1. List every residue pair whose Cβ atoms lie under 7 Å apart, where the two residues are 6 or more positions apart in sequence or sit on different chains, the first residue falls within segment 294-314 and is without any contact (Cβ under 8 Å) to a residue 60 or more places away in the chain and closer than 13 Å to residue 278 by Cα, and the second residue, located anywhere, is assigned to a helix (DSSP H, G or I) and of a type in the set (S, T, N, Q).
2. Go through the residues of segment 549-572 one by one and say whether even a single one is hydroxyl-bearing (Ser, Thr, Tyr) and within 35 Å of the chain's Cα centre (by Cα).
3. Working only within segment 508-555, note down all residues that are outside any helix (DSSP H, G or I) and closer than 14 Å to residue 485 by Cβ.
4. Out of segment 267-290, which residues are open to solvent by 60 Å² or more (accessible area, probe 1.4 Å) and within 15 Å of the chain's Cα centre (by Cα)?
5. Any idea how many residues of segment 172-190 are surrounded by fewer than 18 Cβ atoms within 10 Å (Cβ to Cβ) and either in contact with an Asp or Glu (Cβ under 9 Å, 6 or more places away or on another chain) or assigned to a loop (DSSP other than H, G, I, E, B) (or both)?
6. Limited to segment 45-66, what total is found for residues that are more than 17 Å from residue 105 (Cα to Cα) and either surrounded by fewer than 19 Cβ atoms within 10 Å (Cβ to Cβ) or touching a Lys or Arg at 6+ places or on another chain (Cβ under 7 Å) (or both)?
7. Given the criterion in a strand (DSSP E or B), aliphatic (A, V, I, L, M) and either over 30 Å from residue 503 (Cβ atoms) or within 38 Å of the chain's Cα centre (by Cα) (or both), identify the matching residue among 660, 609.
8. Can you tell me which of 482, 486 is more than 43 Å from the chain's Cα centre (by Cα) and crowded, with 18+ Cβ neighbours inside 10 Å?
Amino acid sequence: MTAADDPFPAALAAHRRGDLDTALAGYRASLSQAPDAPEILRLFGLALYQRGALAEARNVLSRAAALHPPAGADLALPLLDLGEAKAALAVLDAAIAATPDDADAWSRRGRALLALARPEEAADSLNRAVDLTPYGIEAIFNLGCAELALAHWDAARDCFDAVLTLAADHSAAWNNRGIALLRRGRAGVALASFDAALERRPNHAETQFNRAAALIALERLPEALEALDQTLTRAPGHRGARLERARVHARAGRRAAAIADLDAVLAADPGDADALYNRGTLLAREDRFAEAARDLAAAAAFSPGDADIRENLSLALVECGRADEALAAAEAGLAATPGHPGLLNARGEALVALGRLTEGLAAHQAATAADPARLNAWHDLGLVLDDLGRPQDALAAYERALALSPGAPDIRLCRALSRLTLGEFAEAWPDFSSRFFRKRRPVARRCSELPEWNGRPVETLLLAAEQGYGDTLQFGRFIPLAAQRAERLVVEAPSPLLRLLAAQPGIAATAAETCADACCPLPDLPRRLGPAPVAAAWLTVPPEAAAHWAGRLADLPHPRIGIAWSGRAETRRGPHLTRAVPLARLLAALPAGAAIVPLQKDVDAPDAATLEADTRVRPLSAGIGDFADVAGIAAAVDLTVSIDSAPIHLALALGLPAWALLPFSADWRWGLPGQVSPWYPEARVFRQAAPGDWAEPLAALAAALAERFS
């Protein structure tokens, strides 16, 4: 074959000028004449690689490397792009053994080691490549990538700066330089690098994602959200962008949008532990605790050693009323991560929910010792101290929490309740207003469009009920004082209270907000009128209700005892807090000859059956329409025996004899064990001595009833 007949020179020239089609045709023609020529195979394989035919390039370059091991340096390129890093490392080692000073082989060996998560070895190989070719862009760039993997941020930036000195339009170097700067905490300079990268490669999704990270670090969240949107436009399946956008939405309070992004991640990979964890925590903030527990349990299964997942799973299970499982989750986490402050605290919450208050106290104390800057641990420590009847110690814990987060409304409210328990009314009421600003379950502020009443005389004053019926009846004692400072007084209250309130002199009652010159929520009246409680009795029974029920109960023998044994659901759970008393046990404590009259309108099926089976009971719930009816019944009985719910507050507001059955950790209005409540000094109290144990208070109740009605 003459030189004129050899297609190789023309193929090589075409390859050098970038004409891959002509080059490939020429190399094929050359190989038909010399099928085992290693250099032609190598160049043919490189052209195929440049064309994107990775598998075919791998096959051709494998033949070349088998004939001539230094060609392994080029074989590594398609192998790396195909994700075959181990195979690439093997052929590179063979190439380097044959040609120790091949800078490209050392550089690509570093890249292979990076792909195998061996960054220190990668850096050694890449430094060797740079020593051999100080101006080799590929080697310097890959060395920068190795320094990034080693968290050597300044060294990485220096490498990328060197690349950009040699090739100012190297978009990947601009991008990676931004990453190094961002990790170094220089988000503003990093953003400029990402912008430079996007000028050179506008549609690169990963750079847009990194740009969003810089904007988040700079607290420029609307721009970050736009960058994340653009990332997902270019790469709809970008997991990181979905997760980060969910976090940005969550920070802005757009939980539904955040959950939608996490749903998309989990649709692609149901086992994505990060997405499960983030969705679980968001669902918990939405008070969707059963769903949150499901997600967090799944996340814990995929990442069993993650302490944060276990902590949040335990907290969600507590909220679901599954305290035993919550304790198990916290203890499993502590077995894997001993001393973790969040898990210690979660364990404390689970123990408290089980009524194991002393153990819960120790767990919360351990959490604060492990991390004195942990806000929720101090908060929870204060709660359990309050539950144990130690409000003075609870105040100290709340002060530590407020030192970490001054003005935190949830903690200020707890401080108010501790002070109310201690009778420190003047100090308590300013903090009590923080109930409107709690992060979870804030109290809805009524009549917010009206001016807030300052306690001075006014023409028309609107007083707004809030929270439960019992709270309205308790704080209603201040209504007559407020009426003295208004020409016209209107009380906005739930419908079941309207007929009762309207029967009181000088009061107009309404179920809807009305026009007024000023407004004041009922629980804020003590702050406006004087901090200490006034006399509990402030109501009278509407005459028509008194006559109606006196007639209906006329045939009942004495003693007549009105009872209430269950009420509204608790926002915190635990046997020490549960107000309800088992109906059968309450009935067993009442005198055999008594006529028993339920004061509850709502009775579930099991309790209805229990009442029906007791011949002493006169069932009246079907005839109770509102609190005017309850007042009429209470006035017709000799004594009201009730848990801490609306009937006891109503009876005492009417000035009627009433005895209270209280849980171990009773509400602040009842004061501490052994003390007389300043709110209800007339009430006789029967209080649990141990969480959830009604035996002692019911036995004392039975003895007191026998003595009273003997």
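1. So the pair list comes out as 296/312; 312/281.
2. The answer is yes, given that some residue of segment 549-572 is hydroxyl-bearing (Ser, Thr, Tyr) and within 35 Å of the chain's Cα centre (by Cα).
3. Of segment 508-555, the ones outside any helix (DSSP H, G or I) are 508-521, 530-542, 553-555.
Result: 516, 517, 518, 519, 520, 530.
4. In the first step, residues of segment 267-290 are kept if they are open to solvent by 60 Å² or more (accessible area, probe 1.4 Å); the result is 267-270, 274, 285-288, 290.
Of everything in segment 267-290, those that are open to solvent by 60 Å² or more (accessible area, probe 1.4 Å) and within 15 Å of the chain's Cα centre (by Cα) turn out to be 274, 285, 286, 287, 288, 290.
5. The qualifying residues number 2.
6. Step one: of segment 45-66, the residues more than 17 Å from residue 105 (Cα to Cα) are 47-48, 50-57, 59-60, 63.
Subsequent filtering for residues that are either surrounded by fewer than 19 Cβ atoms within 10 Å (Cβ to Cβ) or touching a Lys or Arg at 6+ places or on another chain (Cβ under 7 Å) (or both) retains 50-56, 59.
Looking only at that region, the number is 8.
7. Details: 609 fails: in a strand (DSSP E or B).
Answer to the check: 660.
8. Step by step, each of 482, 486 is checked, and only 486 is more than 43 Å from the chain's Cα centre (by Cα) and crowded, with 18+ Cβ neighbours inside 10 Å.
The values are calculated or read from the model by the stated rules, or taken from the named source; none is laboratory data. All values reported here derive from a predicted model rather than from experimental measurement. Methodologically, a virtual Cβ is constructed for each residue, glycine included, from the backbone with ideal geometry; neighbour enumeration extends over all protein chains shown. Note: areas computed on protein heavy atoms with side chains; ligands, DNA, RNA excluded. Shrake-Rupley method; radii C 1.70, N 1.55, O 1.52, S 1.80 Å.
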